[in-house]
Amino acid sequence: MGAKLLGENAAFWGGWAPTYDQTSSNEHYDALVRRIAEDIGTVDRVLDIATGTGLVAFELAKNVRLVEAVDMSPEMIAVAEHKASERNVNNIRFFVQGAYELDFPDHVFDTVVIMNALHTMQKPEQALAEAKRVLKPDGLLIVPTPCHGQTEETREQLRRMAGAGFGFKDYQEFTSDSLYQLVLSCGFIEVQRETIQWLFEETGFRMILECLAVRPG
């Protein structure tokens, strides 16, 4: 991805930073984040890719010795750092980094989390390759990802949001199977696979997520 497009994407996400928590946090999301944190348990070092304002990172930090969290948007990272200071959380380090070129050595993380982000990337395979590079050989990658291409209903919802100028940029309309095949094609093997649905009754919006946990193959 060229520098110009990276800059455009960072600017887009930066514009969401002040209201990102209100837009992204809900009972379904928060429950899934807690479940991921419980599944990871007590490990030494975790990487949260596309952390946004740190919603996942703060939950992981309750059990993990060190969470390192990256996002391409300086504005998102600034919000996350402010929250960490207010909450006196000292075991998270935030960095402005893109998912395609991580500034970490090979094989250093016990777990990498990429939550609700692969569908917003033009080159998700590049992010997956970097995740594999920085994972320990027995490490775990967790990638819960919306699959807007799963049904005609979810595809139509995405078109309506795009037409209204609302919602995050989605470059990929994954189905559960296409996401699964992509992750495995990037050199991972399945540990756990689950498809879940969130229905937001106040709007009728339905989101389908493929929740994958995989290890380097």
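Each value in this text was obtained by applying a stated rule to the coordinates, not by laboratory testing. Since this is a predicted model, take the numbers as computed values, not measurements. Using ideal geometry, Cβ is built from the backbone for each residue, glycine included, and neighbour counts are taken over all protein chains shown.
Observations
- Prolate/oblate/rounded label for the range 71-213 (Cα gyration tensor, a/c 1.5): oblate
- Of all DSSP-defined beta bridges confined to the range 3-216, some 45% are antiparallel rather than parallel.
- Peptide ranges 115-121, 185-191 listed from the most packed, as the mean C-beta count within 10 angstrom indicates: 115-121, 185-191
- Nonlocal amide H pairs with Cys147, under 5 Å, H built at 1.01 Å: Ile208, Leu209, Glu210
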